[in-house]
1. For a quick check: with amide H placed at 1.01 Å from N, whose amide H comes under 5 Å from B:CYS156's, ignoring anything fewer than 5 positions away on the same chain?
2. Based on the alpha carbons, how large is the Rg to Rh ratio for the protein assembly as shown when Rh follows Kirkwood?
3. Would you mind working out the magnitude of the charge dipole of the protein assembly as shown relative to its Cα centre, with +1 at each Lys and Arg C-beta and -1 at each Asp and Glu C-beta, to the nearest 20 Debye?
4. Regarding chain A, what are the three Cα extents along the principal axes, ordered largest first, in Å?
5. Mind jotting down the distance between the C-alpha centroids of the stretch B:151-223 and the stretch C:182-228, whole Å?
6. Among C:SER223, C:SER63, C:SER157, determine the one that fluctuates most according to a GNM of chain C built with springs between C-alpha atoms less than 10 Å apart.
7. Need the full-extension length gain, C:ASP94 to C:MET117, defined as separation in residues times 0.36 nm minus the C-alpha distance. One decimal, nm.
8. Would you work out the Kirkwood radius for the stretch B:141-212? I mean one over the mean of 1/r across all pairs of different Cα atoms, in Å.
Amino acid sequence: MGTMTGNDSALVLDGNAAAGLLQEIFVLEITTAQIQCEACGSTEAVGSLRLHAAPMGAVLRCPHCDASLMTAVRTPHGRWLQITGARCLKF
Amino acid sequence: MILRQLYGACLLGNPEDAGNGASFFVRSATPEESIISMAQTPISRGFRSRRQEQTSKDRLPPGQYVTTDFPVLSAGPTPQTKLEDWSLALQLGGSLLGKWSWAEFEALPQTTIKTDIHCVTKWSKLDTTWQGVTFDDLLTAVGLAEPPEPYVMAHCDGGYTTNVPVEDLVGGKGMVVTRYEGFPIALAHGGPARLFVPHLYFWKSAKWVRRLRFMEEDERGFWESLGYHNYGDPWKEQRYDGD
Amino acid sequence: MIETRAAPVRRLEWQLAEVREIIVETFRVKSLLLHVPGWRGHLPGQHVDIRLTAEDGYQAQRSYSIASPPEDELLALTVEKVDNGEVSPYLVEDLRAGDQFELRGPIGGYFVWTVAMRGPLWLVAGGSGIAPLMAMLRHRCRRKVRTRALLLYSSRSLEDVIYREELDAMARCDPELRVVNTLTRKQPEGWTGRRRRIDKELLAEVCFPPDQNPKIFVCGPTSLVEAVSRLLVELGHDPLTIKTERFGPSGWAP
């Protein structure tokens, strides 16, 4: 109780794990979409991004430079999506 | 259709604005599951929250459950800032009101507090002990009797931000903490130093804090720009923007 | 290698799944065989979200990989009980045949393999990470396709190897399928198999070389997944041919 034992590392998952939330927003299959990082220019499938911050939301980061590419949050009042870190998405 | 609009907006927006929340609000077309009445949501026979076993109702804000472990939640990878490279600054406009190295920060008056913390993801941890420097003592250290502006934005390693009114930092309500239960705060939990504002939801107690910037007008931080409540009072259950 | 599916996906709706059968796989792992009315199929590797609601309205949501192939009528979820977990102890200890819970899916087109994608197929699993990979192997088996396939499966002990008999049987009757178990903490007397965590040497011994262009899927705890993918890249495999699925504790997802 007095120490920070247990799971002491933050949860990092693959973008594929955010598919449930993202698929509530996108009409096309999102995990196989190609996303280009604005910061470093590399392109990856959304499913292979690093997923942080579950369960508050999905912060999807570039596996090369850690820049945040896309963030999605589900709230009782609607869903939020931020994709300013992505240069573009190709479906 | 939506994607083209978003894409266009991405091109037009200044990438530097990302921190200030160039987000796009997508209003869902159908009612959220949470407002469907209990009669429609199937109950899972025999399921109950494990956390219910230790409820202390009068100490818990609405919708919260007690946990004995300490879940870690981060919007990004854990920064690995070495103590010799660490500093904390108070900023007003273009200048720094004060800046402390680790040794200097540790030499400031220390305060220990025992209190409860509440995460917006519904877990609460009771009777947690933290040690660090109060916001009041930071102001004193830079020769200020009062905060120069009404709002503060906390800036952290890794880019995380969160906004707090100064009223919620003064009078002992806010601190920058370096120890948990007597031990240095673990990196994954925000070490070496995190902001500590326990009367608000714990996303406001920003991990890896490096700079407190005074603002004349309120600006939304990271989660506040993405659908979470701007203020975050757990006793009023202000989890999301619109609550 | 990256598959682009531009087809629209069906809107995810919560459905009621009914537990038809519960199979004890190991001491802490059970498979739940579910009937989901109107289930329209899935691809091997996909997962579902499940949602449990307590009487006071408290809800918990988690993701679990589908362990059954699309050819099977019932949907199988293989759940490992995590100590102090909130959901997995309920699923593993309290759930009975006839119980129902909410489920939606299938989700995730990225971590998927079908026989149409060909091989060689190289699967690396740690613990309960075997679940989505088992869907792939079962699919391969149902379709009677002899794509060259290799499963490297890391478990703590022989008792912890999930689907052990089924994997042995699959490998026995299919010369194109190799199953390699490594037991990291405890080995039975007379064990001649591997007995260490997956390292570079083990991967180099038990592998398809890069020039054969294997489709690689790695699934399990984050630490294993990260170590293995890093080592595979060091061994010369193109990162684009490696797909990973990190399992958090007890199926956490946003």
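Since every read-out is calculated from the coordinates, none of them should be taken as a lab result. Since the structure is predicted, the reported quantities are computational estimates derived from the model, not experimental observations. Every residue, glycine as well, gets a Cβ built from its backbone with ideal geometry; the counts of neighbours run over all protein chains shown.
1. Amide H neighbours of B:CYS156: B:ARG210.
2. Values: Rg = 24.8 Å, Rh = 25.3 Å.
When Rh is taken as the Kirkwood radius, the ratio is 0.98.
3. On the way: 65 positive and 71 negative charges, 370 e Å.
So the dipole magnitude of the protein assembly as shown works out to roughly 1780 debye.
4. Here the spans come out as 48, 32, 19 Å, largest first.
5. Using only Cα atoms, the two centres lie 43 Å from each other.
6. C:SER223
7. Values: separation 23, 0.36 × 23 = 8.28 nm, distance 3.91 nm.
Extending this stretch completely gives an extra 4.4 nm.
8. Details: mean 1/r = 0.0796 Å⁻¹.
It is 12.6 Å.
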